[in-house]
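Trainee: For reference, the structure I am asking about is given below.
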Amino acid sequence: MTQVQPDVRIRELRKLIDQYSYEYHVQDAPSVPDAVYDSLFGELKQLELEHPELVTADSPTQRVGNELKDGFQKVAHSARMLSLNDVFDVDEVRAWVTRMDKLLPGSAHEFFADIKMDGLACALIYQDGMLVQAVTRGDSYVGEDVTNNVRTIKNVPLRLRQLEGFETFLTGRTEIRGEIVMLKDDFTALNLARKAAGEQAFANPRNLAAGTIRQLDPRLVAARPLHFRGYDVLREDAGDVPTNMFAYEAMTALGITRNHEASVFTSIDDAMRFVEHIGEVREKLAFTTDGLVIKVNDRAQFSKLGVVGKQPRAAVAYKYAAEQATTIVKDIVISIGRTGAATPVAVFDPVVVAGTTVQHASLHNADEIERKDIRIGDTVIIFKAGDIIPQVESVVRELRPDHTERFDYQQALAQQYPELEFERTGKDVVYRVKGASGDLMLKRSVEYYASKSALDIDTLGEKNVVALVDAGLVKSVADIYRLTVEDLLKLDRFADISAKKLISAIQAKKNPKLEKFILGLGIRHVGAQTAIDLATAYHSIDALKLATIDELEKIDGIGKVVAESIVAWLSDEDNLALLDAFEEYDVRPHYEQKTGKLSGQSFVVTGSLETLSRDQAADAVRARGGVFQTSVAKDTTYLVSGGKVGASKLKKAQSYGTKIIDEQKFIDLLR
């Protein structure tokens, strides 16, 4: 497994982030989505936090602003265009409110919230009601004069409207800050027209809006459907705008388009309900957004709370979960599904995507790995297909470690499954186990699930399983739980009594012991003891789904091969669908915390016993709260020595100080 040194990783991240920053701020042609930039930037911040000795003055994390590109006159802002601190959940929002309460004790807050638009920030400057200048955000201190281009935007008033009660804004300097956006419908129509003309489609509305405003020819700008939406009003006398909500009312009165969803709330709970509501409907909004802005409504309080760095204390940007993130591929393991298909799975450091933590993703097939050239050690961009299944979108080639090798799929199959043969026939992109049809593997899976060592379902033996699968009544292991007596009576094998007996036996196993259920899933390398160890460690299937290879390897008796097999099984889309089906059919495995006279004691049996089989001995120990182990370890309490004793186990027990007892003493302990 490739390990990247922190200093090397930090240097590579800084170089790439600087390049992305230049593309975004200077060229207005970012090559990656914001979520990818944010993810890499977050990784750099974390590494520098862990290794403060590696922080340098030229690190992107220490940078205040970015270089402006040439072509437009530079203009200093009357007041800095501040950025906001990002928050990602309700706990962070509450922590922000708590910090404000400490600075302004006893003050009640009203909260103003509006949708955060994904466009180009711009300030419109009106003198005595006439538009005289439009300035981009730039580096927050200095922007670019884009007045000629902004004048072509149809919803930007060249003169502010006169309305009773708002006459003040028509004298002196009035600055309207907002976003220049391209609405989603306009963007789609524009791309359709370009496609019909044989031209390349634009990447996204935000990039197009930013790039259009910086065109030197205003006629080209006028030909594209841009919109301005205001979010703030500035006056030399701050008292002219007492609240943020008043600023919005003023914009409407003056003829400035603004978001009418913006609202004021008396409690943060109400504000968060608004956040949740917008999250549910944001795909239907006219423009793209990744979150909301939440501010203190009272502008005097806002001012008193001040600014830290370049972020005001009185406002935060609530960000919805990113749909993309970056992480490092630690390994590629291959899972064998119920049809015999060999599916590759990327295992990586846990990363949050679309609100959930993921640590592995399907790579689909050998061709997909080859096409994207995914290698162990690569930094990759992860996304969620349909917000459900994590997948690898692409590789960040600039961060590829030296000496990585292309993934050899056939070699990996031979290493991970040395006892199996695989074939790829015709136009099939998938390697499959040679000689194993889907039905054959399904029959074996159902038989194993129902076997005595697993769920022990009475009368669901080989012949009945074959009949059910051949009749199309069972297409996955979970399907046994939706069988009815009426279904069985359609088959020649079943009469009324036998049908009722089988259905009753199946339904009796809808609440199986967790370890028996895990064993019945047929995960490669997971036997009875490993299933027990997994149940003891995780207590539920949902918890087991989140297990990492590193965590699994810490469990006694589970090594890298077994850990990879478990993670691969739990990464396979068919297997995850199977678990969902069990849940749908109300199958609820349960974990039993066993206690008894042998609690805290562990046993290993070597040699053969006269009165008990090894499985019976194991069950007897576990029934009394003890742990049955397959090999002697430092924590083994007793080694039970039967006939034909294994010398290696005796030697290891002696070296660890494990008590060695005979069969009779073992029986006495059980009694």
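Trainee: If you take the residues of the stretch 192-207 that are touching a helix residue (DSSP H, G or I) at 6+ places or on another chain (Cβ under 9 Å) and part of a loop (DSSP other than H, G, I, E, B), which of them is nearest to Ser21 (Cα to Cα)?
Mentor: Here the answer is Asn204.
Trainee: Here's a follow-up. Please find, within the stretch 557-572, the residue that is nearest to the chain's Cα centre (by Cα) out of those that are in contact (Cβ under 8 Å) with a residue 12 or more places away in the chain and surrounded by fewer than 16 Cβ atoms within 10 Å (Cβ to Cβ).
Mentor: This residue is Val561.
Trainee: Does Gly642 satisfy being touching a Ser or Thr at 6+ places or on another chain (Cβ under 6 Å) and on the phi > 0 side of the Ramachandran plot?
Mentor: no
Trainee: All but one of (1) in a helix (DSSP H, G or I); (2) in contact (Cβ under 8 Å) with a residue 60 or more places away in the chain hold for Arg524; which doesn't?
Mentor: Evaluating Arg524 over (1) in a helix (DSSP H, G or I); (2) in contact (Cβ under 8 Å) with a residue 60 or more places away in the chain leaves (1) as the failure.
Trainee: Regarding Thr152, is this residue outside any strand (DSSP E or B), of a type in the set (S, T, N, Q), at pLDDT 90 or above and more than 35 Å from the chain's Cα centre (by Cα)? Steps first, answer last, please.
Mentor: Values: outside any strand (DSSP E or B): yes; of a type in the set (S, T, N, Q): yes; at pLDDT 90 or above: no; more than 35 Å from the chain's Cα centre (by Cα): yes.
Criteria not met by Thr152.
Trainee: Among (1) surrounded by fewer than 19 Cβ atoms within 10 Å (Cβ to Cβ); (2) in contact with a Pro (Cβ under 8 Å, 6 or more places away or on another chain); (3) closer than 16 Å to Asp118 by Cα, where does Gly279 come up short?
Mentor: (2)
Trainee: Among residues belonging to the stretch 123-142 that are touching an Asp or Glu at 6+ places or on another chain (Cβ under 9 Å) and among the β-branched types (Val, Ile, Thr), point out the one that is surrounded by the fewest Cβ atoms within 10 Å (Cβ to Cβ).
Mentor: Result: Ile125.
Trainee: Please go through the stretch 602-623 and give me each residue that is buried (at least 16 other Cβ atoms within 10 Å of the Cβ) and among the aliphatic types (A, V, I, L, M), ordered by number.
Mentor: Selection gives Val604, Val605, Leu609, Leu612, Ala617, Ala618, Ala620, Val621.
This table checks each residue for (1) touching a residue at least 24 places away in the same chain (Cβ under 8 Å); (2) touching a Pro at 6+ places or on another chain (Cβ under 9 Å); (3) surrounded by 15 or more Cβ atoms within 10 Å (Cβ to Cβ).
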site: Lys319; (1), (2), (3): yes, no, yes
site: Ala325; (1), (2), (3): yes, no, yes
site: Asp331; (1), (2), (3): yes, no, yes
site: Ile336; (1), (2), (3): yes, no, yes
site: Gly340; (1), (2), (3): yes, no, yes
site: Ile376; (1), (2), (3): yes, no, yes
site: Pro390; (1), (2), (3): yes, no, yes
site: Phe407; (1), (2), (3): yes, yes, yes
site: Thr425; (1), (2), (3): no, no, no
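Trainee: When the residues of the stretch 309-319 are narrowed to those that are of a type outside the set (S, T, N, Q) and within 15 Å of Ala79 (Cα to Cα), which ends up modelled with the highest pLDDT? First the steps, then the outcome.
Mentor: Pass one, the stretch 309-319, residues of a type outside the set (S, T, N, Q): 309-310, 312-319.
Then drop every residue that is not within 15 Å of Ala79 (Cα to Cα), which leaves 309-310, 312.
Values: Gly309: 73, Lys310: 73, Pro312: 90.
Across the stretch 309-319, the extreme among qualifying residues is Pro312.
Trainee: Count, please, the residues in the stretch 211-253 that happen to be among the polar types (S, T, N, Q) and under 30 Å from His109 (Cα atoms).
Mentor: Matching residues across the stretch 211-253 total 3.
Trainee: Please count how many residues of the stretch 383-421 are in a strand (DSSP E or B) and in contact with an Asp or Glu (Cβ under 7 Å, 6 or more places away or on another chain).
Mentor: As a first pass, look at the stretch 383-421 and keep what is in a strand (DSSP E or B): 383-385, 389-395.
From the residues that got through so far, the ones that are in contact with an Asp or Glu (Cβ under 7 Å, 6 or more places away or on another chain) too are 383-384, 389, 395.
Number satisfying all stated conditions: 4.
Trainee: As an exercise: evaluate Leu488 against (1) in a helix (DSSP H, G or I); (2) in contact (Cβ under 8 Å) with a residue 40 or more places away in the chain; (3) touching a helix residue (DSSP H, G or I) at 6+ places or on another chain (Cβ under 8 Å) and give the number of the one condition it does not meet.
Mentor: (2)
Trainee: Related question: Do you know which residues across the stretch 485-498 are surrounded by 14 or more Cβ atoms within 10 Å (Cβ to Cβ) and within 45 Å of the chain's Cα centre (by Cα)?
Mentor: The answer is Val485, Asp487, Leu488.
Trainee: Among what's in the stretch 441-484 and is part of a helix (DSSP H, G or I) and surrounded by fewer than 15 Cβ atoms within 10 Å (Cβ to Cβ), pick the residue that is nearest to the chain's Cα centre (by Cα).
Mentor: Ranking the qualifying residues of the stretch 441-484, first place goes to Arg482.
Trainee: While we're looking at this one, here's another question. Given the conditions (1) among the charged types (D, E, K, R); (2) over 19 Å from Ser571 (Cα atoms); (3) without any contact (Cβ under 8 Å) to a residue 60 or more places away in the chain, which single one is not true for Glu398?
Mentor: (3)
Trainee: Same structure again: Can you tell me which residue within the stretch 579-601, out of those that are assigned to a helix (DSSP H, G or I) and touching a helix residue (DSSP H, G or I) at 6+ places or on another chain (Cβ under 6 Å), is surrounded by the most Cβ atoms within 10 Å (Cβ to Cβ)? I'd like the intermediate steps shown before the answer.
Mentor: Narrowing the stretch 579-601 to residues assigned to a helix (DSSP H, G or I): 579-584.
From what is left, the residues that are touching a helix residue (DSSP H, G or I) at 6+ places or on another chain (Cβ under 6 Å) are 581-582.
Values: Ala581: 17, Phe582: 19.
Once the filter is applied, the top-ranked residue is Phe582.
Trainee: Still on this structure: Considering only the stretch 72-98, state which residues are touching a helix residue (DSSP H, G or I) at 6+ places or on another chain (Cβ under 9 Å) and either basic (Lys, Arg) or assigned to a strand (DSSP E or B) (or both).
Mentor: Result: Asn85, Asp86, Val87, Arg94.
Trainee: Still on this model: Can you pull out every residue in the stretch 306-315 that is of a type in the set (A, V, I, L, M) and in contact with a Leu (Cβ under 6 Å, 6 or more places away or on another chain)?
Mentor: The answer is Ala314, Ala315.
Trainee: Something else now. Just for strands (runs of 3 or more DSSP E) wholly inside the stretch 249-356: which have at least 1 residues that are within 30 Å of Arg444 (Cβ to Cβ) and more than 20 Å from the chain's Cα centre (by Cα)?
Mentor: 324-336, 341-353
Trainee: Also: Only one of (1) within 29 Å of Val351 (Cβ to Cβ); (2) at pLDDT 90 or above; (3) touching a Phe, Trp or Tyr at 6+ places or on another chain (Cβ under 9 Å) is not met by Tyr538, so which one is it?
Mentor: Tallying (1) within 29 Å of Val351 (Cβ to Cβ); (2) at pLDDT 90 or above; (3) touching a Phe, Trp or Tyr at 6+ places or on another chain (Cβ under 9 Å), Tyr538 fails exactly one: (2).
Trainee: Next question. Take the residues of the stretch 228-247 that are assigned to a helix (DSSP H, G or I) and without any contact (Cβ under 8 Å) to a residue 60 or more places away in the chain: which is surrounded by the fewest Cβ atoms within 10 Å (Cβ to Cβ)?
Mentor: Per the criteria, the residue is Gly239.
Trainee: Please state which of the following conditions His403 fails to meet, knowing it meets all the rest: (1) modelled with pLDDT under 90; (2) surrounded by fewer than 16 Cβ atoms within 10 Å (Cβ to Cβ); (3) within 18 Å of Ile334 (Cβ to Cβ).
Mentor: (3)
Trainee: Hey, another quick one. Regarding Gly386, is this residue farther than 30 Å from Ala325 by Cβ, at pLDDT below 90 and either of a type in the set (A, V, I, L, M) or outside the structural domain of Glu515 (by TED's automatic domain parsing) (or both)?
Mentor: Working: farther than 30 Å from Ala325 by Cβ: no; at pLDDT below 90: yes; either of a type in the set (A, V, I, L, M) or outside the structural domain of Glu515 (by TED's automatic domain parsing) (or both): yes.
For Gly386, the condition - farther than 30 Å from Ala325 by Cβ, at pLDDT below 90 and either of a type in the set (A, V, I, L, M) or outside the structural domain of Glu515 (by TED's automatic domain parsing) (or both) - is not met.
Trainee: Still on this structure: What are the residues in the stretch 28-43 that are at pLDDT 85 or above and either more than 18 Å from Gly119 (Cα to Cα) or touching an Asp or Glu at 6+ places or on another chain (Cβ under 6 Å) (or both), if any?
Mentor: Across the stretch 28-43, the qualifying residues are Ser39, Leu40, Phe41, Gly42, Glu43.
Trainee: Follow-up question, since we're still on this one. Quick test of your reading of the structure: Ala617 fulfils all but one of (1) aliphatic (A, V, I, L, M); (2) part of a helix (DSSP H, G or I); (3) at pLDDT below 85. Name the failing condition by number.
Mentor: All conditions are met except number (3).
Trainee: Also, I was wondering about something else. Give the stretch 277-312 a look and list any residue that's of a type in the set (D, E, K, R) and touching a helix residue (DSSP H, G or I) at 6+ places or on another chain (Cβ under 9 Å), or say none.
Mentor: Passing the criteria: Asp290, Lys295, Asp298, Arg299, Lys304.
Trainee: Quick check on this structure: which one of Arg9, Arg14, Arg99 is modelled with pLDDT of 90 or more and under 30 Å from Phe383 (Cβ atoms)?
Mentor: After applying the criteria, what remains is Arg9.
The values are calculated or read from the model by the stated rules, or taken from the named source; none is laboratory data. Given the structure is predicted, the values throughout are model-derived calculations rather than measurements. As a convention, Cβ positions derive from the backbone with ideal geometry for all residues, glycine included, and neighbour counts pool all protein chains shown.
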